[in-house]
Amino acid sequence: MTKRADERHIDNMVRRRSHFEDLEVSELFCPSCRAARPVRKHLLLVLPTGHKYEYRCAACGTPVGGKDDNDAREYREILLRT
Ligand SMILES: [Zn+2]
């Protein structure tokens, strides 16, 4: 019965993760190109409270937006690895 609980837990994590990825931005308006451009997501910082990202235009590299998340898991994993 513990196995069944584990499986349900993993299933929930997978579902939450794919929902999170649906929110990812793929295009933003770039003021330099004066058009909507595909963006590249750059990880700026890994903070104890989550990640700090910056979106940059894939064509010219102009920062067009940013995003923070509250996912502190990676920070804890880094601490555990070192
Ligand atoms: Zn651009």
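Mind listing the long-range amide H neighbours of Thr62? Cut-off is under 5 Å, sequence gap 5 or more, other chains count too, H placed in the peptide plane at 1.01 Å from N.
Counting only residues 5 or more places away or on other chains, the set is Cys57.
By how many nm would the segment from Asp6 to Asn70 grow when fully extended, if each residue of separation counts as 0.36 nm and the alpha-carbon distance is taken off?
Details: separation 64, 0.36 × 64 = 23.04 nm, distance 2.39 nm.
Contour length minus Cα-Cα distance gives 20.7 nm.
Ranking His51, His42 by Cβ neighbours within 10 Å, fewest first, what do you get?
Details: His51 19, His42 13.
Final ranking by Cβ density, sparse to dense: His42, His51.
Every read-out reported here was derived from the displayed coordinates using simple, explicitly stated rules and does not represent laboratory data. Predicted model only: the values in this text are computed from it and were never measured. Positions of Cβ are generated from backbone atoms using ideal geometry, with glycine treated the same way; all protein chains shown enter the neighbour counts.
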